[in-house]
Amino acid sequence: MQILALDEPVKDTVGYVYEKSAITHHIKASGGRAVCPVAGTSHTITLAEMRPAAAVIAAQRRAAGGKGQANKGKAPPIEL
């Protein structure tokens, strides 16, 4: 899947980007803390650590013709 095709891109504290609905399901199915699903990694992730992937969102907006502005600053954690 191309990263610009994500509907709601979020990233973890290490910088890996996920689709919000998929990673939310993965973390909840793992009891609230999960091992990163990216091959070759072993760090754990939680929903509280996830933030909107501002760089991906900005790239999506540029690709769509520059509508809106990228999310600046820190966003609140994803709500359960």
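Bear in mind that the values in this text are calculations on the coordinates, not laboratory data. What you see is a predicted model, and the numbers here were worked out from it, not measured in a lab. Cβ sites come from the backbone with ideal geometry, for glycine too, and all protein chains shown count toward neighbours.
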inquiry  = When the residues of the range 1-21 are narrowed to those that are under 8 Å from the mean Cα position of the chain (by Cα) and assigned to a loop (DSSP other than H, G, I, E, B), which ends up surrounded by the most Cβ atoms within 10 Å (Cβ to Cβ)?
reply    = D12
query = Restricting attention to the range 24-36, and to residues there that are closer than 20 Å to L6 by Cα and touching a strand residue (DSSP E or B) at 6+ places or on another chain (Cβ under 8 Å), which single residue is surrounded by the most Cβ atoms within 10 Å (Cβ to Cβ)?
reply = I27
inquiry  = For Y18, only one of the following conditions fails: (1) in contact with a Pro (Cβ under 8 Å, 6 or more places away or on another chain); (2) farther than 24 Å from Q60 by Cα; (3) of a type outside the set (A, V, I, L, M, F, W, C). What is its number?
reply    = (2)
